[in-house]
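For reference, the structure discussed in these notes is given below.
A short reminder: the numbers here are calculations on the coordinates, not readings from a lab. Because the structure is predicted, anything quoted here is derived from the model rather than measured. A quick note on method: Cβ atoms are made from the backbone with ideal geometry, for glycine too, and the neighbour counts reach across all protein chains shown.
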Amino acid sequence: MNRTKYSPIFKIVIFSGILLLLHWLVFQLPSLEALQASFFYKLPLVYAFVALLSVIMMLVLIRIKTKAPEQLGYTFLLGTSIKMALCYLFLLPVLNRTGNAVYAEKINFFMIFILFLAIEAFFTTRLLNNKQ
């Protein structure tokens, strides 16, 4: 395995672990602990789901970069659309719930989604700018 070729994947995994730890520590505050306990999905599951989708996306993008680099941008857009649809399906049980914690859980999920989307965009930009 080429370490530099797959370094975005390692960075995503490390970054998601750090983000999960920080996010979990925030929810250990006494005022937020009860809120997080009422979430439908626990933080590690949400991070694992979104990180897995991001890793799959980067694997596909790296593969496309070697086979057809001119299609990299289109692949990113298609992959992001598919990822959004999968996240919607994943979040559907939360969207159908009611209660005080539902709004906070929705915001929590979309913050995680946007963070990983920004990470993917960053690494995709680096792939696009990397001339081989």
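Projected label points at Leu92 and Leu52, each 7 Å from Cα along the beta carbon direction, are separated by 1.7 nanometres.
Extension gain for Phe15 to Leu78 (0.36 nm times residue separation, less C-alpha to C-alpha distance): 20.3 nm.
Considering only Leu61, Leu117, Leu25, the mean-square fluctuation computed in a Gaussian network model of the chain, springs between alpha carbons under 10 angstrom, is largest for Leu25.
Estimated from the Cβ-Cβ distance and a Förster radius of 25 angstrom, the FRET efficiency linking Ala34 and Met111 is about 0.80. Think of each Lys and Arg Cβ as +1 and each Asp and Glu Cβ as -1; about the Cα centre, that makes the dipole of the range 7-129 roughly 280 debye. Normalised size of the range 7-129, defined as Cα radius of gyration per 2.2 N^0.38 Å with N residues, equals 1.16. Only aspartates and glutamates eight or more places from Lys83 in sequence, or on another chain, were considered; those with a Cα closer than 18 Å are Glu120.
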